[in-house]
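Can you read through this structure? Questions will come right after.
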Amino acid sequence: MQLVGARDSLSPNGVTHDTAPHAANRAALQREGTAMIKKMRGGYQVLSETTGRNLGGPYKTLEEAKKRLRQVEFFKRRKG
């Protein structure tokens, strides 16, 4: 399992570690929302950062996963 983006990466031994060079980058990534895209064996999946629930996928391309992430963010903010 590999996280897409600059925030975390997977080392060869399976331990995640922070690879963002600056705290400002980390803060910007955290402000994006509460969902993330992970590359799994079957393709890319959109997952909730807080609960880990699958919000969509698997998608064959990263662009399809990003499109779904935009949809999730849109409807999350559309409430009430």
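It is to be established whether one or more residues within region 20-35 are acidic (Asp, Glu) and either in contact with a strand residue (DSSP E or B) (Cβ under 6 Å, 6 or more places away or on another chain) or modelled with pLDDT of 90 or more (or both).
no
This table checks each residue for (1) surrounded by 13 or more Cβ atoms within 10 Å (Cβ to Cβ); (2) at pLDDT 95 or above; (3) assigned to a strand (DSSP E or B).
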residue: Gly14; (1), (2), (3): no, no, no
residue: Leu47; (1), (2), (3): yes, yes, yes
residue: Arg68; (1), (2), (3): yes, yes, no
residue: Val72; (1), (2), (3): yes, no, no
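The values are calculated or read from the model by the stated rules, or taken from the named source; none is laboratory data. Only a predicted model underlies this, so the values are computations on that prediction, with no experimental measurement involved. Note that each Cβ is placed from the backbone with ideal geometry, even for glycine, and that neighbours are counted across all protein chains shown.
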